[in-house]
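The block underneath contains the structure these notes are about, expressed in structure tokens.
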Amino acid sequence: MRLNKNLIGAAAILTATHGYSAELEVTHWWTSGGEAAAVAEFANAFNATEHTWVDGAIAGSGGTARPIIISRILGGDPMGATQLNHGRQAEELVEAGLMLDLTDIAEAEGWTDIVNPTSLIDSCTLDGKIYCVPVNIHSWQWLWLSHDAYKDAGVDVPTNWTEFVAAAPALEAAGKIPLAMGQQSWQSNGAFGVMAIALGGIDLWTKVNVEKDEEAVRSDEMLAIFEAAAQARAFTAKSTVQDWNQATNLVITGQAGGQIMGDWAQGEFQIAEQVAGEDYSCLPGLGVNEIISTGGDAFYFPVNDDPEITAAQKALASLMISKEVQVAFNLKKGSLPVRGDVDLAAANDCMRKGLDILATGAILPDGNQVLSPDTQGQIEDLMVEFWNDTNVTAADAHSRYADIIASAD
């Protein structure tokens, strides 16, 4: 990727006076085809300066990578930069003084003015100081549908969750998997979260997840969501793949009708050269409540005692939020940019849906922004058991979920 002087901006100012080059190890868990293509945009931009990106990809999901990342930082072997999600995942590391304060560069470049929604920069802020650079908006709130699967089954592509449920028997009769899902807790937990928002509505979700309202979480409305999830569980019975991108591939190849997965799935469709609206469809909010959550990824920079490394870290932070890199990265990733002032003329139909929803303000915070890692872990443990063990009834799972929320920190 060719970078011009305007792109480098503050990053050039930070490094030009030093006349040195630095290597930064950058850890992340972007290892699927679409993710690798996206992260290469960051690496190419950084390598176009005098600095060098040393890729520290960690195979597996964020649940696998985060403990490794945190252990290294706590153990005195920090990387130069690391991916984490928006929210509270780095809170204790920041409080321990282990993360670089980026307030000076954030103020110089006006991050609080250009980041949209502001909750993303708020998630990077502690005691008035900014400790991370948000790089994208990822939303879980999507159902991805294979046109070939429904054509083979002789039914129309659904436009909402009710139609999806009604079409499931035809898919099964045609030898298709109605709902693809990988065998990892974060996937089943995420799918449930999408159903809770789409089928229960924003008000109920807010009462449960933000306000921790025990009456709301024990309500019949919440039980109905668990009953719908139990029905969806049956649709996944023959989905035996492990990773999320393997489940996405079942949709891409027409072996499965749909997948509930975040918009990072778009990167896999793009690598497969599938066209949104022609080869596959995307339903935000399951086609019921069109809304997106504003989760996503941010990069943190562990503190070190080398001022030249520190300058290179700030140069990378500046590049990551620059206009050109924001466009290049997010078009490949399938996510939305954190900047509201960039040109996304090349966005596909699904990304445009997300942009339109973002523009209307129909957004809500991601679970990582309102629940602690401990609470998230308890819910994930419950969800993997519920989705994989049909002996766990909807009522049982609902009661246990309510107990977790009632004691959430």
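The values are calculated or read from the model by the stated rules, or taken from the named source; none is laboratory data. Because the structure is predicted, anything quoted here is derived from the model rather than measured. Every residue, glycine as well, gets a Cβ built from its backbone with ideal geometry; the counts of neighbours run over all protein chains shown. To get the accessible areas, we keep the full protein, side chains included, count just its heavy atoms, and leave off ligands, DNA and RNA. Shrake-Rupley method; radii C 1.70, N 1.55, O 1.52, S 1.80 Å.
Details
- Dipole moment magnitude, nearest 20 debye, segment 49-179 about Cα centre, only Lys, Arg, Asp, Glu C-beta charged: 500
- Remark: for residue pairs 151/333; 176/238; 151/176, the C-alpha separation exceeds 19 Å in 151/333.
- Charge tally for residue 226 (other residues, Cβ to Cβ under 11 Å; Lys, Arg +1; Asp, Glu -1): -2.
- Zero-based 5 Å bins, Cα pair distances in segment 48-182, whole percents: 2, 8, 14, 13, 12, 11, 9, 8, 9, 8, 6, 1, 0
- In this Cβ point-charge picture (+1 for Lys and Arg, -1 for Asp and Glu), the chain has a dipole of about 740 debye about its Cα centre.
- Difference of contour (0.36 nm per residue) and Cα-Cα distance, residue 242 to residue 221: 4.4 nm
- Rounded to 5, percent antiparallel among DSSP beta bridges of the chain: 60
- Of 333, 176, 353, the residue with the largest accessible area leads and the full order is 353, 176, 333 (1.4 Å probe).
- Environment charge at residue 245 (Cβ cut-off 12 Å; Lys +1, Arg +1, Asp -1, Glu -1): -3
- Segment 51-108 - charge dipole about Cα centre, Lys and Arg +1 at Cβ, Asp and Glu -1, debye rounded to 20: 300
- Taking a ≥ b ≥ c as the square roots of the eigenvalues of the alpha carbon gyration tensor, segment 289-370 is oblate, as a/c is not under 1.5 and a/b does not beat b/c.
- Nearby aspartates and glutamates by direct alpha-carbon distance to residue 353 (threshold 12 angstrom, same-chain neighbours under 8 apart not counted): 263, 290
- A simple count of charges around residue 300, restricted to other residues whose Cβ falls under 14 Å of its Cβ and scoring Lys, Arg +1 and Asp, Glu -1, yields -1.
- Given R0 = 25 Å, the distance between the Cβ atoms of residue 388 and residue 166 translates into a calculated FRET efficiency of 0.50.
- Bridgeable lysines around residue 129 (alpha carbons under 26 Å apart, same-chain partners fewer than 8 residues away excluded): 314, 323.
- Amide H within-cut-off set for residue 98, under 5 Å, with H built and near neighbours excluded: none
- When both bridge partners sit in segment 141-297, DSSP labels roughly 65% of those beta bridges antiparallel.
- Candidate values [x] 44, 30, 17; [y] 37, 24, 18; [z] 69, 29, 17, label of the one derived for semi-axes √(5λ) of the Cα gyration tensor in Å: [y]
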